[in-house]
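S.K.: Dumping the structure here so I can ask a few things about it.
Derivation of every value follows stated rules applied to the coordinates shown; laboratory data play no part. Model, not experiment: these values are computed from the prediction. Ideal geometry is used to build each Cβ from the backbone, glycine not excepted, and the neighbour counts take in all protein chains shown.
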């Protein structure tokens, strides 16, 4: 090892020699994995985090002040991804990026952090009241701006005018809540929230061989889990540095690699034989993006506003800008904080709730790519419903309405393919019992004693908002459930 890995990482060989000492093995280092790991460590449990990718950044890329206009931020993001194939109706295959890096996509997310609406939980075995306490904790943990605790990120005259214009046009708007610290605390990682910063600044992180409460093993892939009929009795891992395969034997295993990869690992491990719904009910936001051009540049116009979804209009709008650029890509995660006073283009997006279909699912393939220990050996089969298509048309129309309300000329519009929103959920569906779901209301597998899911894979449906805050809140709830399972008080 060399560089930062010598400071923050533990050798997987050392972990394997004493893996019986692991209370909880967390597979994935995004917000779900790190939030769970640190929560369990606070209760006295010993945790190891596995991450398939390397350590490249200690915080969100936006905190490093890399401007997207130079292309460096996008280049760095692209260097940490591998393609996940989504196959839609007619056999069209679309490569969708999956991040392999310590912190996962939390290093590159846009910061958008609203709560789900109460009706977003209609299909869940829990309701908004069950999540309220965890939302409070997650907003405090992430230092979300734009709520009663912290002021909005932008407070410009242009933003106030835009909110008035949109609201008058029947599109009630507000400043977008974002996971960006607007306070005076300039500790490392202040600014954009990221799992990497939370992990690397935690007093619990340390070397496994020294008995640290939380240890990180990067460039280590969970290949498969062995199931003895009641519990996971071993996890085969691949050390990408040496090519060696090792077996870990923790007390409990947490899946936190994202909906697709958590479902893939469960399928690879044969768990669909005991829970037939494994891999099914995959879902992603419907995602339409567009631009609009203002007649002239405006002073003090920087804005990030949103129009919330309603029960009747199951999609929300986000408006950001102004920019000099005329188009954008969803990987441009820091662009909106680099608004330009000379810009005349606004960036608009609509995210909608798609119907959740049982046959939208993860399936295994055999691509034989040994570099990634099976991570690429799957694809997502996904067909949009008639209702989805109608909602996408309504989303396009609403984006045009928003542009006109702002006094701008609607520009290019793009309907993105399934998976393109990068907000996937499902695959390990939560249910009230083992017949209706793979996992329970805390993310614990019904039919596997010591296995749970901390990410969005248990979500029975997609909410109307960006899921980052909800995933973080859910992982706090999940950590309480795991602690109970392991005999520790919450």
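S.K.: Distances longer than 24 Å among the Cα atoms of region 328-487: what percent of all pairs is that?
M.R.: The share of Cα pairs beyond 24 Å in region 328-487 comes to 52 percent.
S.K.: OK, next. Hey, how many Å between the Cα centroid of region 100-117 and the Cα centroid of region 163-184?
M.R.: Cα centroid to Cα centroid, the span is 19 Å.
S.K.: Given R₀ = 22 Å, what would the calculated FRET efficiency be for residue 366 paired with residue 247, taking r from the Cβ atoms and rounding to 0.05?
M.R.: 0.45
S.K.: In µm²/s, what is D for region 198-260 at 37 °C and 0.692 mPa s, where D = kT/(6 pi eta Rh) by Stokes-Einstein and Rh is the Kirkwood radius from Cα pairs?
M.R.: The Stokes-Einstein estimate is 243 µm²/s.
S.K.: Quick check on region 75-183: what are the equivalent-ellipsoid semi-axes from the Cα gyration tensor, as sqrt(5λ), descending, whole Å?
M.R.: The equivalent ellipsoid of region 75-183 has semi-axes of 30, 20, 20 Å.
S.K.: When only C-alpha pairs under 8 Å and at least 6 residues apart count, what is the relative contact order of the chain, in percent?
M.R.: This gives 22 percent for the chain.
S.K.: While we're on this one: Let me see the P(r) profile for region 106-241: every Cα-Cα distance counted, bins of 5 Å, each bin given as a percent of all pairs.
M.R.: Answer for region 106-241: a P(r) of 2, 8, 11, 12, 14, 14, 14, 10, 6, 4, 3, 2, 0 percent.
S.K.: Determine Rg/Rh for region 59-131; Rg is computed over alpha-carbon atoms and Rh is the Kirkwood hydrodynamic estimate from the same atoms.
M.R.: Taking Rh as the inverse mean 1/r over Cα pairs, Rg/Rh reads 1.11.
S.K.: May I pose another question? Against the empirical 2.2 N^0.38 Å scaling, what ratio does the C-alpha Rg of region 427-473 come to?
M.R.: 1.13
S.K.: To continue, here is another question. Just the number, please: Stokes-Einstein D of region 1-54 in µm²/s, Kirkwood Rh from C-alpha pairs, 25 °C, 0.890 mPa s.
M.R.: Once the numbers are plugged in, D ends up at 205 µm²/s.
S.K.: Report, in cubic angstrom per residue, the convex hull volume of the C-alpha atoms of region 131-177.
M.R.: 75
S.K.: Over all directions, how big on average is the projection of the convex hull of the alpha-carbon atoms in region 285-371, in square nanometres?
M.R.: Its average projected convex-hull area is 9.2 nm².
S.K.: Place the peptides 303-309, 219-225 in order of packing, highest mean first, counting for every residue the other Cβ atoms within 10 Å and averaging per peptide.
M.R.: 303-309, 219-225
S.K.: Test of understanding: express the Cα radius of gyration of region 1-150 as a ratio to 2.2 N^0.38 Å, with N the residue count.
M.R.: Rg over 2.2 N^0.38 Å, computed on Cα atoms: 1.26.
S.K.: Can you give the translational diffusion coefficient of region 1-90 in µm²/s, computed by Stokes-Einstein from the Kirkwood radius over Cα pairs at 37 °C and 0.692 mPa s?
M.R.: 205
S.K.: Take the alpha-carbon centre of region 193-257, take the same for region 397-411, and report the distance between them in whole Å.
M.R.: 48
S.K.: Over the Cα atoms of region 396-490, what radius of gyration and what Dmax do you get, in Å?
M.R.: Rg then Dmax for region 396-490, in Å: 18.9, 60.
S.K.: Right, something else. Given points 7 Å out from each Cα along the Cα-Cβ axis, report the residue 230 to residue 43 separation in nanometres with one decimal.
M.R.: With each label point 7 Å from Cα toward Cβ, the separation is 2.2 nm.
S.K.: Label points 7 Å out from Cα along the Cβ direction at residue 167 and residue 7: separation in nm?
M.R.: Here the answer is 4.6 nm between the modelled labels.
S.K.: To one decimal place, what Kirkwood hydrodynamic radius in Å is obtained for the chain from all pairs of distinct Cα atoms?
M.R.: Evaluated over the chain, this radius sits at 22.7 Å.
S.K.: Okay, moving on. Could you give the distance between the Cα centres of region 3-77 and region 120-147, to the whole Å?
M.R.: So the separation of the two Cα centres works out to 24 Å.
S.K.: Same structure again: In nm, what is the difference between 0.36 nm times the number of residues separating residue 377 and residue 433 and their Cα-Cα distance?
M.R.: Result for the pair: 17.2 nm of gain on full extension.
S.K.: Here is a further query. Normalise the Debye intensity by I(0) for region 306-419, one equal point scatterer per Cα, no solvent, then take log10 at q = 0.16 Å⁻¹ and round to two decimals.
M.R.: Here the Debye-derived log intensity ratios amount to -0.88.
S.K.: On full extension of the chain, what length is gained from residue 64 through residue 390, given 0.36 nm per residue of separation minus the C-alpha to C-alpha distance?
M.R.: The residue 64-residue 390 span can extend by a further 113.3 nm.
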